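Worksheet for the structure shown next.
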Amino acid sequence: MSGQATDIRIFEREELTKSLRAYRDGQLDEKKYLTIDNKVYDITDFIPDHPGGEQVISTHIGKDATDVFHAMHPESAYETLANCYVGDLAPEDKNSQQQKSKDKLNSQAFAQEIRDLRDKLQAEGYFEGSTLFYIYKVVSTLAICATGFAMLYYGGHSTPVVFAAAVVVGLFWQQCGWLAHDFGHHQVSNDHEKNDLLVLFLGSFCQGFSLSWWKNKHNTHHASTNVSGHDPDIDTAPVLLWDEFATANFYGSLEDNPGRFSRFIAEHVLPYQSRYYLFILGFARFSWALQSLSYSFNQGALDKSARTNWMERSMLVSHWILFTVWNILFVGSITNMIMFFLVSQAVTGYALAFVFAMNHNGMPVITQEQAEDMEFYEIQVITGRAVSLSPLGDWFFGGLNYQIEHHVFPDMPRHSLPKVKPMIKSICKKYNIHYHDVGAITGTIEVLKTLDVVQKLCEKFSKKVF
Ligand code: HEM
């Protein structure tokens, strides 16, 4: 590791800025630092070995990673952290403290209050997962699968029953996704290995998604939510574009000698994205399942362990074998087999993507420079959309309608989020930080309006570039 007792020194803030600039400019030989609680860590050699992956840790090179680090690591990670310690950050001089904008000071005071709330909630047990709740969730989710099986077993010769069974299986996969999400964030137990085994069972075997692919993408999304160029969830070009930065980047990349296909997409597809949006969601699950297989077989496990990689691959392969055998054995005709396949995939695609879009799409997208000037917690609040729903809606959304609370406290179990919502809301009100809370219909309209605004931008760019 990089930190040696003799190297310990005071770091000027400019050194961190230099580290960030060098990384942005692609100067790969430069040292890479980050700070946590005003201590400086040299992560140059650690990045490739980071158990959470290179992508997520790289989002914070040259920056303050205090809150994101505390939000995403178990106690055991603090030992590894100590190995990277190389010094302390020089105190801020009076001048730069006085020059801070009102917004920055407000953001800092808000973050401090959220940190205090985290400590209080931890002491009061809000972060303890309820075993009973999660047993109920796992059993009731597996019961949906059993229902789908039973429908095919007894009615596999009837087209309406096969159709209904496909919808049930689609919902089963969606619910597995929410559970794997909770276990993947270690909301349920402090034992990370146990959580990961449950993600392998529910997420990889039952649902067909890779643990490593999901963690890499999803945790990077958490570390830099709606930050342009960092958050993989808003990087959906050339299928959909969600903001002006992504649009400018995509069309900018076509200025010199665009391929015929890219030009066709830019001129004749993206300017109509609000029209095909609902259609394309149906393919989302299939695309994620393919990305999972590709990640697992090409990149291996995120924690670089051969054991995790082997388990993940075998779970994914078993998922597809079982699904195919089940389809062939119980569905009476080839036409119904194809229908079962397509409908079950499409239902999961819609059921997952509808919720994902509601979580952050159409909410502010910020640049990396803007993000540097804001506290982690403020970013989490202003980029998330809370959706107020009935208990059935909460079930369908897997608790992700408490998106803001989930982003502020990713390791807090799902059952605590509704209790914490009024607390976060009231702190936001105190600091005049916008907490966006809407119903499902308003949320959907906001998503569609964003697509519409951006597609008009696509039309303009298209005329300018070609
Ligand atoms: C010097 C800095 C860091 C050290 C020493 C460190 C260390 C670690 C360790 C030991 C783990 C494995 C934890 C486990 O047992 O589950 C881990 C996982 C992780 N780290 Fe870091 N980390 C650092 C910085 C960061 C930063 C800045 C981020 C985010 C921006 C981050 C995000 C994650 C994530 C998402 C995981 C995966 C947790 C999981 O398995 O679910 N880490 N890190």
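The values are calculated or read from the model by the stated rules, or taken from the named source; none is laboratory data. The model shown is predicted, which means the values in this text are computed figures rather than measured ones. Heads up, the Cβs are rebuilt from the backbone with ideal geometry, glycines too, and the neighbour counts pull from every protein chain shown. Remember, those area values only see protein heavy atoms, side chains included, never the ligands or the DNA or RNA. Shrake-Rupley method; radii C 1.70, N 1.55, O 1.52, S 1.80 Å.
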> Is there a residue in region 166-185 that is within 15 Å of the ligand (Cβ to nearest atom), among the aliphatic types (A, V, I, L, M) and surrounded by fewer than 22 Cβ atoms within 10 Å (Cβ to Cβ)?
Replying inline: no
> Within region 126-161, which residues are among the polar types (S, T, N, Q) and open to solvent by 60 Å² or more (accessible area, probe 1.4 Å)?
Replying inline: Thr131, Thr147, Thr159
>> Looking only at region 96-130, count every residue that is at negative phi and either aromatic (Phe, Trp, Tyr) or assigned to a loop (DSSP other than H, G, I, E, B) (or both) and tell me the total.
In response: 9
> Is there any pair with a first residue in region 47-68 that is at positive phi and touching a residue at least 12 places away in the same chain (Cβ under 8 Å) and a second that is near the ligand (Cβ under 9 Å from one of its atoms) and among the hydrophobic types (A, V, I, L, M, F, W, C) whose Cβ atoms are under 8 Å apart and which are 6 or more apart or on different chains, and what are they?
Replying inline: Gly53/Leu302; Gly62/Leu34
>> I need the full set of residues from region 281-302 which are open to solvent by 20 Å² or more (accessible area, probe 1.4 Å), more than 18 Å from the chain's Cα centre (by Cα) and within 16 Å of the ligand (Cβ to nearest atom), in order please.
In response: Gln299
> What are the pairs, 6+ residues apart or on separate chains, where a residue within region 136-154 that is more than 23 Å from Gly332 (Cα to Cα) has its Cβ under 7 Å from a residue that is at pLDDT 95 or above and assigned to a helix (DSSP H, G or I)?
Replying inline: Lys137/Leu179; Val138/Leu179; Thr141/Phe172; Thr141/Gln175; Thr141/Cys176; Thr141/Leu179
>> Checking the condition out of contact with any strand residue (DSSP E or B) (no Cβ under 9 Å at 6 or more places or on another chain), assigned to a loop (DSSP other than H, G, I, E, B) and either within 19 Å of Ala357 (Cα to Cα) or assigned by TED's automatic domain parsing to the domain that holds Met311 (or both), which residue from His230, His222 passes?
In response: His230
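Of all the residues that make up region 166-195, how many are closer than 28 Å to Gly282 by Cα and either in a helix (DSSP H, G or I) or touching a Phe, Trp or Tyr at 6+ places or on another chain (Cβ under 8 Å) (or both)? Outline the logic, then answer.
So in region 166-195, the residues closer than 28 Å to Gly282 by Cα come out as 166-185.
Subsequent filtering for residues that are either in a helix (DSSP H, G or I) or touching a Phe, Trp or Tyr at 6+ places or on another chain (Cβ under 8 Å) (or both) retains 166-184.
Total satisfying the criteria: 19.
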> Looking at (1) without any contact (Cβ under 8 Å) to a residue 40 or more places away in the chain; (2) near the ligand (Cβ under 9 Å from one of its atoms), which is the only condition Gln122 fails?
Replying inline: (2)
>> Tell me whether region 61-83 contains one or more residues that are within 16 Å of the ligand (Cβ to nearest atom) and in the same structural domain as His406 (by TED's automatic domain parsing).
In response: no
> Is it the case that region 86-109 has a residue that's farther than 30 Å from Ile433 by Cα, in contact with a Lys or Arg (Cβ under 7 Å, 6 or more places away or on another chain) and either near the ligand (Cβ under 9 Å from one of its atoms) or not small (Gly, Ala, Ser) (or both)?
Replying inline: yes
> Residues Asp196, Asp191, Asp256, Asp235: which one is of a type outside the set (Phe, Trp, Tyr), within 13 Å of the ligand (Cβ to nearest atom) and either free of Cβ contacts under 8 Å to residues at least 24 places away in the same chain or in the same structural domain as Arg24 (by TED's automatic domain parsing) (or both)?
Replying inline: Asp191
> helices (runs of 4 or more DSSP H) wholly in region 351-406 with at least 1 residues that are at pLDDT 95 or above and under 11 Å from His436 (Cα atoms) - which ones?
Replying inline: 376-382
> Are there any pairs, at least 6 apart or on different chains, whose C-beta atoms fall under 7 Å, with the first in region 378-398 and touching a residue at least 60 places away in the same chain (Cβ under 8 Å) and the second among the small types (Gly, Ala, Ser), and if so, which?
Replying inline: Glu378/Ser107; Glu378/Ala111; Ile379/Ala371; Arg385/Gly443
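Could you tell me whether region 312-324 includes any residue that is exposed (fewer than 15 other Cβ atoms within 10 Å of the Cβ), of a type in the set (D, E, K, R) and either within 21 Å of Gln55 (Cα to Cα) or assigned by TED's automatic domain parsing to the domain that holds Tyr153 (or both)? If you could, list the steps in order and put the result at the bottom.
Looking only at region 312-324, we keep the residues that are exposed (fewer than 15 other Cβ atoms within 10 Å of the Cβ), and these are 314, 318, 320-322, 324.
Cutting the leftovers down to of a type in the set (D, E, K, R) gives us none.
No, region 312-324 has no match at all.
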> Given the conditions (1) under 27 Å from Phe340 (Cβ atoms); (2) within 16 Å of the ligand (Cβ to nearest atom); (3) not charged (D, E, K, R), which single one is not true for Gln207?
Replying inline: (2)
